[in-house]
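Worksheet: the structure to be examined is printed underneath.
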Amino acid sequence: MIMSENANIIITGATSGLGREMALQLAARGERVLACGRRIERLTELEATAGIKGQTLNLSSTADIDSFCAPFKTLSGVILNAGVTYADRFDAGDDETDTALIQTNVIANMQLIRALLPALKAGQGRILIVASLAGLTPVPYQSVYAGSKAFMINFGLSLREELKHDGVQVSVFAPGGIKTEMTDIPAMKALEKDLAPVADVARAAIKTYDKMPALYVPGKQNKLISLAGKLLPRHIIAAQAERIYRKARDGA
Ligand SMILES: NC(=O)c1ccc[n+]([C@@H]2O[C@H](COP(=O)([O-])OP(=O)(O)OC[C@H]3O[C@@H](n4cnc5c(N)ncnc54)[C@H](OP(=O)(O)O)[C@@H]3O)[C@@H](O)[C@H]2O)c1
C-alpha cells in the first residue's frame with residue numbers, strides 16, 4: 001500500500017482516537033506520517049481526506065510486526081500509541097483477553113522498538129510511548145490495563161537511559177481520561193464529564209514528541225493525581241480509585 005521509506009514518523013493506533021488526531025495534527029504541520037492500525041477503511045479515509053499514508057498493522061501478529069518493520073532504513077520517529085483496555089472485575093475476564101491486551105499494550109511495543117532500532121539509530125530518531133496515568137496510579141476494574149501501562153512507563157524510562165548513547169531519544173506520555181472510542185463504554189458513562197477532548201491531548205502529546213522530556217502528564221488535574229501518587233501510599237490511592245470506579249460501574 002505504501003513505500004515505507006517515504007515515512008518519517010510511524011504512529012500506531014492511528015485509525016481512531018488519540019493516534020488519529022496526532023496523525024492529523026502532525027500531517028497538518030508538514031510531517032510525513034505513516035498511520036497504522038487494523039481497520040483499512042479508516043486508513044483509506046485518512047489518505048483520502050488528509051493525504052496521510054496508511055499501512056495495516058496487526059499488533060497481535062508477530063509475523064505482521066516483522067514484515068512491517070523490515071523495509072525501514074531510517075526513521076525520525078515512532079509513536080507507540082495503540083492500546084486496548086476492558087473495564088470489569090478481573091475475575092470476570094479471561095486469559096485470552098488478558099493475553100491479547102498484554103500483547104498489544106506491551107509486547108508488540110517491545111517488538112516494534114527492537115525491529116525498528118537500526119532505522120531509528122540511523123535517523124537519530126525519537127520513540128514516544130503513549131502510556132497512561134493508569135500506569136502511575138493503580139486502577140481497580142482495569143487492573144490488567146493499569147499493569148500494562150506501569151510496565152511501559154518503567155520500560156520506557158529505563159530504555160531512555162540506554163538509548164541516549166545511540167542518539168535515540170525516548171519519552172513517555174501519560175494522559176488521564178480522554179474522550180475516544182476506548183472510553184465510549186457503559187462503565188465510563190458517569191465519568192464522561194472528566195474526559196479531556198482528544199484534540200487537546202494530541203497537542204500535548206505532540207509537544208512531548210517535540211521536546212522529549214522523560215515523562216509528561218498533561219492537564220492540571222492529572223498532574224495533581226500523579227503528584228498524589230508520589231506522596232501517598234499506593235494502597236490509599238487504589239482504595240479511593242476503587243470507590244470512584246465502582247460507583248461509575250454501578251451507575252452504568
Ligand atoms: N482514552 C483514554 O482515556 C486514554 C487515557 C490514557 C491513555 N490512553 C492511551 O492512549 C492510546 C490511544 O487510546 P485511544 O483512547 O485513542 O483508543 P482508541 O480510540 O480505542 O484507539 C485505539 C487504537 O489502537 C489500535 N489497536 C488496538 N488493538 C490493535 C491491534 N491488535 N493491532 C493494531 N492496532 C490496534 C486501534 O486500531 P484498529 O482497531 O484499527 O486496529 C486504534 O487505532 C492507548 O495506548 C491508550 O491506552 C487512553
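Scanning segment 118-137 for residues that are within 28 Å of Q221 (Cα to Cα) and part of a helix (DSSP H, G or I) turns up L133, A134, G135. Each residue in segment 88-139 was checked for being of a type in the set (K, R), out of contact with any Cys (no Cβ under 9 Å at 6 or more places or on another chain) and under 30 Å from D166 (Cβ atoms), and 2 pass.
Taking helices (runs of 4 or more DSSP H) as the structural unit, those lying wholly within segment 1-117 and holding at least 3 residues that are modelled with pLDDT of 95 or more, within 11 Å of the ligand (Cβ to nearest atom) and open to solvent by 60 Å² or more (accessible area, probe 1.4 Å) correspond to 40-50.
The values are calculated or read from the model by the stated rules, or taken from the named source; none is laboratory data. Values in this document were obtained by computation on a predicted structure and should not be read as measured data. Ideal geometry is used to build each Cβ from the backbone, glycine not excepted, and the neighbour counts take in all protein chains shown. These area figures cover heavy atoms from the full protein model, side chains too; ligands, DNA and RNA do not enter into them. Shrake-Rupley method; radii C 1.70, N 1.55, O 1.52, S 1.80 Å.
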